Amino acid sequence: MKRIGLLSDTHGYWDDRYAQYFESCDEIWHAGDIGTMELAERFADLKPFRAVCGNIDGGDLRKLYPEKLRFKCEDADVLMKHIGGYPGHYDISIRGQLFVRPPQLFISGHSHILKVLYDRSLNCLHINPGAAGIQGFHKVRTLVRFTVDGKAFRDLEVIELGEKKK
């Protein structure tokens with residue numbers, strides 16, 4: 001069993017509460033638009049860190065973090081991509097991979113819109129944790145915690161970090 005802390009779209013913004021909320025987690029996953037190497041290093045100093053690069057991430061982040069990341073967590077097949085869309089509206093850049101070999105969990109970011117949806121056609125859970133940073137049109141900053149237990153996903157929590165600073 002692994003407890004996961006998931007966030008996206010930090011755009012280089014650090015909030016000390018990330019460490020607080022992810023203290024009970026075994027790993028931190030970031031769905032892209034990290035923003036800076038310093039931020040990635042801060043997350044990696046807290047816990048084992050998995051991430052994909054986003055459309056705003058520069059060369060150093062792109063060297064370390066791929067555009068797509070597919071891995072096993074416990075017994076679950078996980079696929080993560082920053083620009084991925086959501087059930088019924090998947091981005092063309094990931095559609096083929098999703099339909100040919102669906103994962104049990106598909107994670108994306110980019111939209112800054114928190115979504116947790118189950119895709120019955122693919123038998124796949126989709127999570128977009130919203131945006132944890134202060135840039136973008138979203139009004140409330142969010143992150144997500146959940147447990148991977150074998151192939152099951154349990155105890156999902158949405159954490160609101162409050163309204164973003166203006």
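The values are calculated or read from the model by the stated rules, or taken from the named source; none is laboratory data. The structure presented is a predicted model; accordingly, all values stated were derived computationally and were not measured. Neighbour counts run over all protein chains shown; Cβ positions are idealised from the backbone, glycine included. Accessible surface is based on the protein model in full, side chains and every heavy atom, while ligands, DNA and RNA are left aside. Shrake-Rupley method; radii C 1.70, N 1.55, O 1.52, S 1.80 Å.
Some values worked out for this structure:
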item	result
Filtered residues of region 55-66 (kept if open to solvent by less than 50 Å² (accessible area, probe 1.4 Å) and either aromatic (Phe, Trp, Tyr) or under 26 Å from Ser24 (Cβ atoms) (or both))	Tyr65
Matching residues, region 100-121, being open to solvent by 20 Å² or more (accessible area, probe 1.4 Å), at negative phi and not polar (S, T, N, Q)	Val100, Arg101, Pro102, Ile113, Leu114, Lys115, Val116, Leu117, Tyr118, Arg120
Residue check for Asn128: closer than 23 Å to Lys164 by Cα and either open to solvent by 10 Å² or more (accessible area, probe 1.4 Å) or more than 15 Å from the chain's Cα centre (by Cα) (or both)	no
Residue match in region 146-162 (condition: modelled with pLDDT under 95 and surrounded by fewer than 16 Cβ atoms within 10 Å (Cβ to Cβ))	yes
Candidate set: region 71-99, residues that are under 20 Å from Gly130 (Cβ atoms) and hydroxyl-bearing (Ser, Thr, Tyr); chosen: the one most open to solvent (accessible area, probe 1.4 Å)	Tyr86
Cβ-Cβ under 8 Å pairs, at least 6 apart or on other chains, region 117-140 side under 12 Å from Tyr86 (Cα atoms) and free of Cβ contacts under 8 Å to residues at least 40 places away in the same chain, far side open to solvent by 100 Å² or more (accessible area, probe 1.4 Å) and small (Gly, Ala, Ser)	none
